[in-house]
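Beneath this line is the structure, given in structure tokens, with notes to follow.
The values are calculated or read from the model by the stated rules, or taken from the named source; none is laboratory data. Predicted model, so just to flag it, every value in this text is computed and none were measured. FYI the Cβ positions are ideal-geometry reconstructions off the backbone, even for glycines, and counts take in every protein chain you see.
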Amino acid sequence: MNLTDIPLTTIDGAPTSLAAYDGKVILIVNVASRCGLAPQYEKLEKLQETYGDRGFTVIGFPSNQFLQELGSTDAIKEYCSTTWGVTFPMMDKVKVNGKSAHPLYTELTKTPDAAGKAGKVKWNFEKFVITPDGVVHRFRPTVEPDAPEIVGLIEASLPVH
């Protein structure tokens, strides 16, 4: 299945897909407001500010799969904007594992991480970088958004300016 064909819904309820970000480097991350890793929002936003005008975007997918996300989309939006100043696109709440996992995550989790392990999302803030050529790279939750392996991949995949 082509990742760009999978229907998505923005946090505001509008239909979209990854096709809207065609040609960009995309960092997809499952987020959760009450997670101990939530400070990663700050580094995700910094990546957005640094590379957003060069063909890059972070896309946040709130998930309560690990019982750490706020209940309503309004609460999630308010938390993200007031606490972390999030400007990157946010999607509607999704499941990332199991039979009712969002189809995007069903596809993304087929990608192995640096240790060669594919399968379930381990925790909140697991990251998937999709380069403009459609290749998916997977980084587990404890890999910080500004880790050299993520920043290097983003920089190597952006158009030269």
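Residues that are assigned to a helix (DSSP H, G or I), under 20 Å from Ala14 (Cα atoms) and free of Cβ contacts under 8 Å to residues at least 40 places away in the same chain: does segment 48-62 have at least one?
Of the residues in segment 48-62, the ones assigned to a helix (DSSP H, G or I) are 48-54.
From what's left, under 20 Å from Ala14 (Cα atoms): none.
Taking every residue of segment 48-62 in turn, none turns out to be assigned to a helix (DSSP H, G or I), under 20 Å from Ala14 (Cα atoms) and free of Cβ contacts under 8 Å to residues at least 40 places away in the same chain.
Does any residue of segment 11-27 turn out to be under 24 Å from Thr142 (Cα atoms), surrounded by fewer than 14 Cβ atoms within 10 Å (Cβ to Cβ), modelled with pLDDT of 95 or more and not polar (S, T, N, Q)?
No - not one qualifying residue is present in segment 11-27.
Tyr41 - would you say it is surrounded by 23 or more Cβ atoms within 10 Å (Cβ to Cβ), of a type outside the set (D, E, K, R) and more than 23 Å from Thr106 (Cβ to Cβ)?
yes
Can you report the number of residues in segment 106-161 which are under 25 Å from Val94 (Cα atoms), in a loop (DSSP other than H, G, I, E, B) and not small (Gly, Ala, Ser)?
Residues meeting the conditions: 23.
Would you check which residues across segment 22-47 are in a helix (DSSP H, G or I) and either basic (Lys, Arg) or within 13 Å of the chain's Cα centre (by Cα) (or both) and list them? Spell out how you get there, then give the answer.
So in segment 22-47, the residues in a helix (DSSP H, G or I) come out as 40-47.
Matches in segment 22-47: Gln40, Tyr41, Lys43, Leu44, Glu45, Lys46, Leu47.
So which of Lys93, Lys77 ends up being part of a loop (DSSP other than H, G, I, E, B) and either farther than 24 Å from Gly152 by Cβ or modelled with pLDDT of 95 or more (or both)?
On the way: Lys77 fails: part of a loop (DSSP other than H, G, I, E, B).
Being part of a loop (DSSP other than H, G, I, E, B) and either farther than 24 Å from Gly152 by Cβ or modelled with pLDDT of 95 or more (or both) holds for just one of Lys93, Lys77, which is Lys93.
Could you tell me which of the residues Pro132, Pro112, Pro141 is at negative phi, surrounded by fewer than 18 Cβ atoms within 10 Å (Cβ to Cβ) and touching a residue at least 40 places away in the same chain (Cβ under 8 Å)?
Exactly one of Pro132, Pro112, Pro141 is at negative phi, surrounded by fewer than 18 Cβ atoms within 10 Å (Cβ to Cβ) and touching a residue at least 40 places away in the same chain (Cβ under 8 Å), namely Pro132.
Would it be correct to say that Ile6 is touching a residue at least 12 places away in the same chain (Cβ under 8 Å), of a type in the set (Val, Ile, Thr), under 22 Å from Arg138 (Cβ atoms) and in contact with a Phe, Trp or Tyr (Cβ under 7 Å, 6 or more places away or on another chain)? I'd like the intermediate steps shown before the answer.
On the way: touching a residue at least 12 places away in the same chain (Cβ under 8 Å): yes; of a type in the set (Val, Ile, Thr): yes; under 22 Å from Arg138 (Cβ atoms): yes; in contact with a Phe, Trp or Tyr (Cβ under 7 Å, 6 or more places away or on another chain): no.
No; evaluated as a whole, the condition is false for this residue.
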